Amino acid sequence: MKIRSADFVKSGTRPAHFPEAVLPEVAFAGRSNVGKSSLMNRLMERKRLVKVSSTPGRTQLLSWFRVNDSVMLCDLPGYGFAKVPVGLRESWRKMVGDYLERRDSLLALVVIVDVRRGFEEDDLQLVEACAGLSLQPILVATKCDKLSRNELFNRQGAICRAVGADVRDIVWFSSESGKGRDELWARIGGLTSTSTADAPT
Ligand SMILES: Nc1nc2c(ncn2[C@@H]2O[C@H](COP(=O)(O)OP(=O)(O)OP(=O)(O)O)[C@@H](O)[C@H]2O)c(=O)[nH]1
Ligand SMILES: [Mg+2]
């Protein structure tokens, strides 16, 4: 996908802060530090548009980005960081739950895991929640560059067996190399009717 424009729209914590729902939207979720922001920057071809944090679990906001005036991407706060107090976990649940339930323009939820860890309990809970929310789940395993070709092959097999998926059901991504970027855009484009062709339309 050729990026003609990618802009930060706003951040917020509750429905009153959500930007106007005028474009199809895709949200990005994953464990803290999994590489969400890096993945979004790679998708949008912007190095620092989404802040890559040095202290995981600190960003407790939803942030929206508009791409090519045709699709909205929403960065969700990371979950599962051990040092986050229980109260914060509750507020995460409420904030993200409200968003997933009420955001009418939201079409898909990208659930991102570290390829070395695979899909764990809280990742799978999110994937499973998609059905009841009429959201298309998109499964992504990132940081693939951290593995050798052989290790990656073995991890792909193990992850697919664990979640009962085919290797083509999951997008194998690397923010470092750009692996999987076109495929992820193709999936998003297939849902949002966004043109993923390189030629500007
Ligand atoms: N090698 C490699 N490193 C990555 C990749 N993606 C992210 N990282 C690194 O992983 C760390 C966390 O990346 P972020 O993109 O900030 O992760 P995040 O999920 O947004 O983190 P929080 O917002 O804090 O939950 C950073 O040091 C990144 O440089 C990748 O594909 N390959
Ligand atoms: Mg982040």
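Just a few scattered comments:
- Gain on full stretching of the segment that runs from ASP104 to LEU124 - 0.36 nm per residue minus C-alpha separation: 4.9 nm
- Of the trypsin sites (Lys or Arg not before Pro) in region 1-101, those whose Cβ has at most 11 other Cβ within 10 Å and which sit in DSSP loop: ARG4, LYS47, ARG48, LYS83
- DSSP bridge pairs, region 6-192: antiparallel proportion in percent, nearest 5: 35 percent
- Pairwise label distance in nanometres, ASN154 with THR13, each label 7 Å out on the Cα-Cβ vector: 4.5 nm
- The charge dipole of the chain, taken about its Cα centre with unit charges on the Cβ of Lys, Arg, Asp and Glu (plus for the first two, minus for the last two), comes to roughly 680 debye.
- Top positive-direction residue, dipole computed over the chain with Cβ charges, set ALA141, VAL127, ASN41: ASN41
- Stretch in the chain that is longest and holds no GluC sites (Glu not before Pro) that DSSP places in a loop and that have at most 15 other beta carbons within 10 Å: 46-119
- With the convex hull of its Cα atoms as the shape, the chain has an orientation-averaged projected area of 10.9 nm².
- Ranked list, fewest to most other Cβ atoms within 10 Å of each Cβ, for SER11, SER38, SER193: SER193, SER11, SER38
- GLU45/VAL163 FRET efficiency (R0 30 Å; Cβ-Cβ; nearest 0.05): 0.50
- Net length available on complete extension from ARG4 to GLU176 is 59.8 nm, with 0.36 nm assigned per residue and the Cα-Cα distance removed.
- Computed lengthening from VAL52 to VAL86, 0.36 nm per intervening residue step minus Cα-Cα distance: 9.8 nm
- For region 1-53 and region 97-130, distance of Cα centres in Å: 15 Å
Since every read-out is calculated from the coordinates, none of them should be taken as a lab result. Bear in mind the structure is a predicted one, so any value in this text is a computation, not a measurement. All Cβ positions, glycine included, derive from the backbone under ideal geometry; neighbour counts span all protein chains shown.
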